[in-house]
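Structure first, then comments.
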Amino acid sequence: MAQKSAAERIREYKQLLDEGMITQEEFELKKAKILEAEDAELKAEAEQAKKEENVFSGHYFSDKANNDQPRSSSISPKATGVLAYLTWIGFLIAYFAGDREHAKFHLNQGLVLNLFGLLTAVPLLGKLWSIFILVCMVLGAINASNGENKELPLIGGIHLL
C-alpha cells in the first residue's frame, strides 16, 4: 500500500477540524509535524543524491566539508597527504593525481621521508634507520589523516617543495 502524501494527510486533518473532531491548535500542530517530516525527507533525498553524484563523478575521495568547492583533482587533501608518506609509489600518485595545493605540507614531508629512506640501504645502520623511517611514515600518515601539519622528528624541518 502506497504511503499518503503530506498534502493528503493535511487534508484529512483539515476535514477532522471542519467536523469539529480536533481543535485548531491540534490541526496546526499535526500540520507542522507533517511538513517538518516532509522537509526532513526531502533533505535526506537531496543529500543521498549528492553522495551518489560524487561517487559517479569521480569525486568520491573529496572531503565532505568541501563538496561545494570545485576541485581539480579527484583525491582529497587528506588522502593526498596520507599517500605522500606511503613509499615512492604513493608519493608519486599523491603528487600527480592528488590535491597538491592543499596538501603541499605533507607532500614535502613525504618527499623528505622518501629521500632519507634511501639511507636504509647503508650496511649495518640501515636496519636501525629503516625502523626510524617506518615510525616516521606511520606518524606522518596519522597526522595527514587527522588534518594536522606536524613536522616529522629529526627530518621534518627540511623544506624541498
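The values are calculated or read from the model by the stated rules, or taken from the named source; none is laboratory data. Here the structure is a predicted model, which is why all the values come from computation and not from measurement. As a convention, Cβ positions derive from the backbone with ideal geometry for all residues, glycine included, and neighbour counts pool all protein chains shown.
Looking only at residues that are among the polar types (S, T, N, Q) and outside any loop (DSSP other than H, G, I, E, B) in region 100-158, which one is surrounded by the most Cβ atoms within 10 Å (Cβ to Cβ)?
Looking at residues that are among the polar types (S, T, N, Q) and outside any loop (DSSP other than H, G, I, E, B), I get GLN109.
Given the condition assigned to a helix (DSSP H, G or I) and modelled with pLDDT of 75 or more, answer yes or no: does some residue in region 66-77 qualify?
yes
Which residues, taken from region 87-109, are farther than 18 Å from GLY156 by Cα, in contact with a helix residue (DSSP H, G or I) (Cβ under 7 Å, 6 or more places away or on another chain) and small (Gly, Ala, Ser)?
GLY90, ALA94, GLY98
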